[in-house]
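Trainee: Can you read through this structure? Questions will come right after.
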Amino acid sequence: MDDDDLLGLDNHLNNKINQKHIMITQIFSISKKHYGQWAPLFLRLIIGFGFLAHGWAKLSKGSPAGFEKLLTQLGVPFPHITSWIASLVEIIGGMLVLIGFSISITAVPLICTMLVAMFSIHINYGFSSVRTIGLTPQGPLFGPPGYEINLLYIAGLISLILTGAGVYSIDSMLVTKRNAANGSKTQKSASDS
């Protein structure tokens, strides 16, 4: 092989490498894709379901009596009322997050419940939400959870406040409807003049 053949082979290989690079960039790059509004959907689904599940667990026996006993032991004022309020906030808030309705407002009481739970209970058990304290023939034995999950819920809710509810949400549908109505008003006023 002479120098021209090597140069031709080199150019051919460089072209192949560039083509592969372009293909990989197109597949994995998000710069030209519009996935940003999909991320809140996945956050909403898990956060909404999580709050629903925790709220329902408190009310599943007809009343939050067990949760009320915990609040009494912690010295929380008005444990009967507080147990009902916390349970209903989690159920209603979880449903609203799940469907993506009024996320910025809905997130505030849910963040408050997480902060109260974190500072009144979970902070005493450290960060980790999974604390293996022993092993039995039936499997691992877990201790009380730390505040890790509280922080994950709070971070997810703050993310939803910042990004909005995203696609497939009531908020998105309301914005689309409002924009369509404003567009028709703008067109009507332009045709009137």
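Trainee: Search the stretch 13-51 for residues being among the basic types (Lys, Arg) and assigned to a helix (DSSP H, G or I), and hand back the single one that is modelled with the lowest pLDDT.
Mentor: Filtering the stretch 13-51 for residues among the basic types (Lys, Arg) gives 16, 20, 32-33, 44.
So of that shortlist, the ones also assigned to a helix (DSSP H, G or I) come out as 16, 20, 44.
Working: Lys16: 74, Lys20: 70, Arg44: 96.
Looking at residues that are among the basic types (Lys, Arg) and assigned to a helix (DSSP H, G or I), I get Lys20.
Trainee: Tally time: how many residues in the stretch 61-115 are over 16 Å from Asp171 (Cα atoms), of a type in the set (A, V, I, L, M, F, W, C) and open to solvent by less than 50 Å² (accessible area, probe 1.4 Å)?
Mentor: Result for the stretch 61-115: 10.
Trainee: Quick check on my filter: what residues within the stretch 152-170 are free of Cβ contacts under 8 Å to residues at least 60 places away in the same chain and open to solvent by 70 Å² or more (accessible area, probe 1.4 Å)? Talk me through it step by step, then tell me what you get.
Mentor: From the stretch 152-170, those free of Cβ contacts under 8 Å to residues at least 60 places away in the same chain are 152, 154-155, 158, 161-162; that's our starting set.
Scanning the stretch 152-170 gives Leu152, Ile158, Leu162.
Trainee: Separate question: Just checking, which of Ile121, Ile154, Ile170, Ile149 is of a type in the set (Val, Ile, Thr), at pLDDT below 90 and within 20 Å of Gly55 (Cβ to Cβ)?
Mentor: Of the residues listed, the single one that is of a type in the set (Val, Ile, Thr), at pLDDT below 90 and within 20 Å of Gly55 (Cβ to Cβ) is Ile121.
Trainee: Considering only residues that are more than 9 Å from the chain's Cα centre (by Cα) and either not acidic (Asp, Glu) or not in a helix (DSSP H, G or I) (or both), which ones fall in the stretch 143-153?
Mentor: The answer is Gly143, Pro144, Pro145, Gly146, Tyr147, Ile149, Asn150, Leu151.
Trainee: Taking Pro109 as the residue in question, decide whether it is in a loop (DSSP other than H, G, I, E, B) and within 24 Å of Leu43 (Cβ to Cβ).
Mentor: no
Trainee: Right, another one. Among the residues that make up the stretch 80-98, is at least one of them part of a loop (DSSP other than H, G, I, E, B) and either on the phi < 0 side of the Ramachandran plot or within 19 Å of the chain's Cα centre (by Cα) (or both)? Write out each step before concluding.
Mentor: First, the residues of the stretch 80-98 that are part of a loop (DSSP other than H, G, I, E, B): none.
No, the stretch 80-98 contains no residue that is part of a loop (DSSP other than H, G, I, E, B) and either on the phi < 0 side of the Ramachandran plot or within 19 Å of the chain's Cα centre (by Cα) (or both).
Trainee: Let me ask something additional. Please verify whether the stretch 171-183 includes one or more residues that are touching a residue at least 12 places away in the same chain (Cβ under 8 Å) and open to solvent by less than 50 Å² (accessible area, probe 1.4 Å).
Mentor: Yes, the conditions are met somewhere in the stretch 171-183.
Trainee: Just to be sure I understand the filter: pairs with C-beta atoms under 6 Å, separated by 6 or more residues or on different chains, first member in the stretch 38-53 and under 16 Å from Thr113 (Cα atoms), second member open to solvent by 40 Å² or more (accessible area, probe 1.4 Å). Which pairs pass?
Mentor: Partner pairs satisfying both residue conditions: Gly48/Leu98.
The values are calculated or read from the model by the stated rules, or taken from the named source; none is laboratory data. Please read all numbers here as calculations on a predicted model, not as lab measurements. Note: ideal-geometry Cβ built from the backbone for every residue, glycine included; neighbour counts use all protein chains shown. These area figures cover heavy atoms from the full protein model, side chains too; ligands, DNA and RNA do not enter into them. Shrake-Rupley method; radii C 1.70, N 1.55, O 1.52, S 1.80 Å.
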